[in-house]
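Here is the structure we will look at, set down as structure tokens.
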Amino acid sequence: MNSPEYNQYFPPSPTARTMPYSFWWPLVCGALAGLLIRMVYMGDPGGRYSAMMASFIYLSPFVVGMVTVYVAERSHRRSWGYYAWASVFANVLYVLGSLVTLFEGIICAIVIFPLFSLIGALGGLLMGLVCRLTNWPRGTVYSVAALPLVLGAFAGTPAPDGGSPLNVHREVRVQAPADQVWRHLMDADAIAPAEVDDAWMYRIGVPMPLAGVTEETPEGLVRDVRMGKGIHFSQVSSDWQPGRRVHWQYRFAPDSVPPGALDDHVRIGGHYFDLVGTTYTLTPQGETTLLRIDMQYRVSTSFDWYARPIARWLIGDFSEVILGFYRERSERSGESEA
């Protein structure tokens with residue numbers, strides 16, 4: 001039973017549950033609150049009002065959950081379960097709205113959604129508690145909604161400090177001699193989608209590779225890498241031993257990543273993410289070869305506790321798929337030569 005004081009501010013509405021769109025109205029209000037905050041957070045990477053600031057990542061889904069429950073409670077008392085799941089669904093609409101309005105790309109939306117759902121549910125539960133404990137929760141909503149707008153004016157994510165890069169390594173046994181594996185490492189042309197599409201980074205929107213062709217130049221080995229959506233860059237090596245080892249470093253030109261080809265937040269060589277280097281090591285073992293990949297990368301966000309495990313999983317998964325690619329090509333070419 002609601003108290004008289006509660007009914008003074010949140011009058012019961014017997015027809016609320018049968019009004020058109022009554023189910024969606026709280027969720028839409030919550031999602032709109034998030035989109036309004038996102039419209040403010042359009043700053044440059046690392047600067048004020050950047051969408052990668054902690055004040056946006058943590059507080060915008062929290063506000064979405066609080067507004068959703070606040071609007072819902074104005075019609076009638078809801079359950080604790082409603083506070084949680086309605087806030088999650090409101091954040092679904094929030095993320096979808098960010099995609100439709102082109103505020104975010106599909107990669108960032110998929111990666112951040114689990115975190116937004118969790119934080120949104122916490123915001124909804126807190127708002128539900130406030131509604132049950134006080135008769136005038138409007139001030140709480142206003143205060144929390146204002147926090148990201150105020151905190152965004154302060155400095156954003158610090159510039160990367162150049163510390164030790166993170167590392168992922170994988171290995172696979174190839175039923176082919178080392179010189180044969182080396183040839184495919186140096187030249188991988190006409191890559192078909194079916195050869196690499198098991199990698200999750202491609203499933204969530206990263207354009208697939210098309211070719212990687214190497215030539216020897218006065219500065220060392222230079223590998224021209226081409227990917228979908230016009231992405232192109234070079235891998236350069238001054239540290240290699242034919243048939244045994246090669247260490248690639250990445251070199252990007254101003255036009256390496258055309259606008260819209262990748263989300264700005266996951267741009268390679270950007271403020272938040274970079275590939276530092278990749279090393280392939282070939283160890284002959286009789287008629288087979290142990291092929292190992294070591295990938296060094298950087299993640300620099302205000303929520304590394306969440307971003308780094310995801311990056312490690314995606315890069316580790318990619319490493320396994322690309323090793324499988326080289327294994328299949330090396331073994332297939334061996335069969336054709338036999």
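The values are calculated or read from the model by the stated rules, or taken from the named source; none is laboratory data. Please read all numbers here as calculations on a predicted model, not as lab measurements. Reconstructed Cβ throughout: ideal geometry from the backbone, glycine too, with neighbour counts over all protein chains shown. Note: areas computed on protein heavy atoms with side chains; ligands, DNA, RNA excluded. Shrake-Rupley method; radii C 1.70, N 1.55, O 1.52, S 1.80 Å.
Could you please find all residues in the stretch 283-311 being touching a strand residue (DSSP E or B) at 6+ places or on another chain (Cβ under 6 Å), more than 19 Å from Gln249 (Cβ to Cβ) and not small (Gly, Ala, Ser)?
Thr283, Thr288, Thr289, Leu290, Leu291, Arg308
With respect to Val71, is the statement that it is within 18 Å of Met127 (Cα to Cα) and modelled with pLDDT under 95 true? Explain how you work it out, then say what you get.
Numbers: within 18 Å of Met127 (Cα to Cα): yes; modelled with pLDDT under 95: yes.
The answer is yes for Val71.
Looking at the stretch 101-134, which of the residues that are of a type in the set (Phe, Trp, Tyr) and part of a helix (DSSP H, G or I) is surrounded by the fewest Cβ atoms within 10 Å (Cβ to Cβ)?
Pass one, the stretch 101-134, residues of a type in the set (Phe, Trp, Tyr): 103, 113, 116.
Okay, now just the ones that are also part of a helix (DSSP H, G or I), so 113, 116.
Numbers: Phe113: 18, Phe116: 26.
Applying the filter and picking the extreme gives Phe113.
Only residues in the stretch 193-204 that are over 13 Å from Ser319 (Cβ atoms) count as the first member; pair them with residues that are in a helix (DSSP H, G or I) and open to solvent by less than 80 Å² (accessible area, probe 1.4 Å), Cβ under 6 angstrom, at least 6 apart or cross-chain, and list the lot.
Listed by first residue and then by second, the contacts come to Glu195/Phe325; Ile204/Ile107; Ile204/Ile110.
Can you tell me which of Ser164, Ser98 is of a type in the set (S, T, N, Q) and assigned to a helix (DSSP H, G or I)?
None of the others qualify; the one that does is Ser98.
Name the one entry in Gly139, Gly120 that is of a type in the set (Gly, Ala, Ser) and within 30 Å of Asp274 (Cα to Cα).
Result: Gly120 is the single residue among Gly139, Gly120 that is of a type in the set (Gly, Ala, Ser) and within 30 Å of Asp274 (Cα to Cα).
With (1) in contact with a helix residue (DSSP H, G or I) (Cβ under 9 Å, 6 or more places away or on another chain); (2) in contact (Cβ under 8 Å) with a residue 40 or more places away in the chain as the list, and Asn167 as the residue in question, which single condition is left unmet?
(1)
Counting only residues that are part of a loop (DSSP other than H, G, I, E, B) and of a type in the set (A, V, I, L, M), which one in the stretch 186-211 is surrounded by the fewest Cβ atoms within 10 Å (Cβ to Cβ)?
Ala190
Run down Gly123, Gly105, Gly128 and say which single residue is of a type outside the set (A, V, I, L, M, F, W, C), in contact (Cβ under 8 Å) with a residue 60 or more places away in the chain and in contact with a Phe, Trp or Tyr (Cβ under 6 Å, 6 or more places away or on another chain).
Gly123
Kindly state which strands (runs of 3 or more DSSP E) lie completely within the stretch 212-326 and contain at least 1 residues that are under 30 Å from Tyr49 (Cβ atoms), open to solvent by less than 40 Å² (accessible area, probe 1.4 Å) and of a type in the set (Val, Ile, Thr).
On the way: elements: 220-227, 232-241, 245-251, 273-285, 288-299.
Strands (runs of 3 or more DSSP E) meeting the threshold: 288-299.
So, in the stretch 34-50, exactly how many residues are over 17 Å from Pro160 (Cβ atoms), charged (D, E, K, R) and open to solvent by 20 Å² or more (accessible area, probe 1.4 Å)? Spell out the reasoning first.
Step one: list which residues in the stretch 34-50 are over 17 Å from Pro160 (Cβ atoms), which gives 34-43, 48-49.
In the following step, the residues that additionally are charged (D, E, K, R) were identified as 38, 48.
Still in the list and also open to solvent by 20 Å² or more (accessible area, probe 1.4 Å): 48.
Going through the stretch 34-50 one residue at a time, the tally reaches 1.
Give the residue, chosen from Ser55, Ser79, Ser87, that is among the hydroxyl-bearing types (Ser, Thr, Tyr), surrounded by 18 or more Cβ atoms within 10 Å (Cβ to Cβ) and either more than 19 Å from Ala145 (Cβ to Cβ) or in contact (Cβ under 8 Å) with a residue 60 or more places away in the chain (or both).
Only one candidate passes the filter, namely Ser55.
Specify the residue that is nearest to Arg298 (Cα to Cα); the eligible residues are those in the stretch 135-167 that are open to solvent by less than 50 Å² (accessible area, probe 1.4 Å) and at pLDDT 80 or above.
Only one residue fits best here, namely Leu166.
Counting only residues that are more than 19 Å from the chain's Cα centre (by Cα) and among the small types (Gly, Ala, Ser), which one in the stretch 35-68 is nearest to Gly123 (Cα to Cα)?
Gly65
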